[in-house]
1. What total accessible area, in Å², is buried where chains A and B meet, using a 1.4 Å probe and rounding to the nearest 100?
2. What is the Cα centroid distance between the range B:205-265 and the range B:47-120, reported in whole angstrom?
3. Take every DSSP beta bridge whose two residues both sit in the protein assembly as shown, then give the antiparallel share in percent to the nearest 5.
4. Pairs of Cα atoms under 8 Å, at least six residues apart: use those to get the relative contact order of chain B, whole percent.
5. Heavy atoms of the protein only, probe of 1.4 Å, neighbouring chains included. What is the accessible area of B:MET261 in Å², nearest 10?
6. With r defined as the distance between the Cβ atoms of B:ASP328 and A:ALA44 and R0 fixed at 60 Å, what FRET efficiency is calculated, to the nearest 0.05?
7. Tally up the carbon and sulfur contribution to the accessible surface of the protein assembly as shown as a whole percent, 1.4 Å probe, everything protein left in place.
8. Give the angle, between 0 and 90 degrees and rounded to the nearest 10, that separates the Cα long axis of helix B:465-476 from the longest principal axis of the Cα atoms of chain B.
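The values are calculated or read from the model by the stated rules, or taken from the named source; none is laboratory data. Treat the numbers as computed from the prediction; the structure is a model and nothing was measured. Glycine also receives a Cβ, built like all others from the backbone with ideal geometry; neighbour counts cover every protein chain displayed. Ligands, DNA and RNA are excluded from the accessible area calculation, which covers all protein heavy atoms including side chains. Shrake-Rupley method; radii C 1.70, N 1.55, O 1.52, S 1.80 Å.
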Amino acid sequence: MPDVARDVVEHVSTLARLALSSEEIDRLQHEMGRILEHADKLQAVNTDAIQGTSHVIPMINVYREDQVGESLTPEEVVANAPDSADEFFKVPRTVEE
Amino acid sequence: MAMEPMIGLEVHVQLATESKMFCACSTKFGAEPNSNVCPSCLGLPGSLPVPNRKAVEYVIRTGAALNCSVADHCRFARKNYFYPDLTKNFQISQYDEPLTYNGYIDLKVNGEPVRIRIRRAHLEEDTGKNLHLASGSTLVEYNRGGIPLMEIVTEPDFTTAEQCREYLTQLRLILRCIGVSTANMDEGAMRAEPTVNLNDRATGEATPKVEIKNLNSIRSVYEAVKYEISRQRKAVAEGREGELFQQTRRWDESNGVTALMRRKETSDDYMYFPEPDLVPLEPDPAWVESIVSSCPELPAARCERFCTEYAIPEYDATVLTESRELADYFEDACKAFEGAAKTVSNWVMGDLTSLLHEAGVSIAQSPVSCERLAELLKLIDENVISGKIAKDVLAKMFESGKSAAEIVKEEGLEQISDTSALESVIDEVIAENPGPVEDVRGGKQQAIGFLVGQVMRKTQGQANPGMVNEMLSRKVKGEG
Ligand SMILES: [Zn+2]
């Protein structure tokens, strides 16, 4: 597996909101390539007849009934927040999606 | 080139469950900020989501109403993005395995049948709310975060704004009829996002897709789509196709225009992957069957049946089927009355509706039950009271909760159908109005109406108008 293309590393870092220096990108191109190379070993296994696994325990249909239970108090909700105003979380201005 | 609009609609619907999608917090609207929040919907480490069975049932029910297939196996997926309206930096949604898919809805627009294909109706969780302050920071609260949200996506089958309007109108009726949502757009319980572009079906040539946001009524969807079609048409007609690009636009209600929100250079990349904290859903076929078979008759089908079964005008049928309760009331009243259905529809849509409206109560809480209304209508049919007096009787029934018969008896409102009682009044009227009497004798038939009116007045509307008419005619012509 060759190194990962520079624009791919940049794209992934943008999605992950990571500000990377040029040197870090150089290094990650190589390191991500090695990681993918390792994961690539799985491609050798024939998985045509196997459904994708998202949960390792063979279990389906776990539900809860529609009943209201306890919530936290607004004070408890914002207790760990770096910044809050009354019962709201306070965050830096974001661009409207 | 023949460019035709191609419009798809994505609708988000808050499901009317008591508790949230993956935790037991209340879904109550208008609670104190951050008071319906727990470790799970706050995304605190160590908490785990557990799906609400009712929400799954509601999506299956909606899928059934929209002729969708129900997946025999499906999973939730993480939709990853960074925005403060998410506590976890991902939204639990569904991606390649929606709960229901491949349906359709049949509409009638300007008398023409239109079939809109439904691509999917899936389940996800709602996001929190951001409040942008003028001072430059943003306040966030998560009472809405985690409320079960159903996303219904159509194929881009709409070609006009009218079709979009009809779809949303029907969809809202259906959602209310099957009881899965209030579908109130002004409260955000139903939100619609159209994607609009122009497309040449012959050459495949198309303008870039434009998504429109900030629409909080069916009317605004209609206006925005109409505006967007004409904006793109104008650019094409003037050779300015180059100025069109893929983007998200915001509907500006006060100016009646769509305005650029952001350019979409790349398609969104949410790095979806299956949610490892949740196990797959494999709805039990017997459960699905019981949900599908308990689906009530839908408003459009009921409207059509009302026209044929009760022989009432389409307008009446449309109004009566706007709510399930109103339609039930009408049908039950017809059964109890056993007379002309049009009479029932006139009274329900007319006097009863205005009384309910004035009192601010819904048909389900009407102080006059459908059986009681039927009793009143029977009294008219049997000539015990006139239609005019029945209006007053209904108002009194509404106020007092008494039956029509009780009120008629108490207030002596029975129609005078007794010939001898009417005879003296008619003689009086003939004696007092020699002019009109002469007119009638001279062949002016319409003058009889005046004389009938005089008799009705003298009897405070209690005379049987049919009998008065007949007796007057005879007497004036000297036959009685
Ligand atoms: Zn919660």
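1. 4200
2. The two parts, judged by their Cα centres, are 26 Å apart.
3. 90
4. 13
5. 50
6. According to the calculation, E is roughly 0.40.
7. On the way: 14720 of 29270 Å².
C and S atoms contribute 50 percent here.
8. The angle comes out at about 30 degrees.
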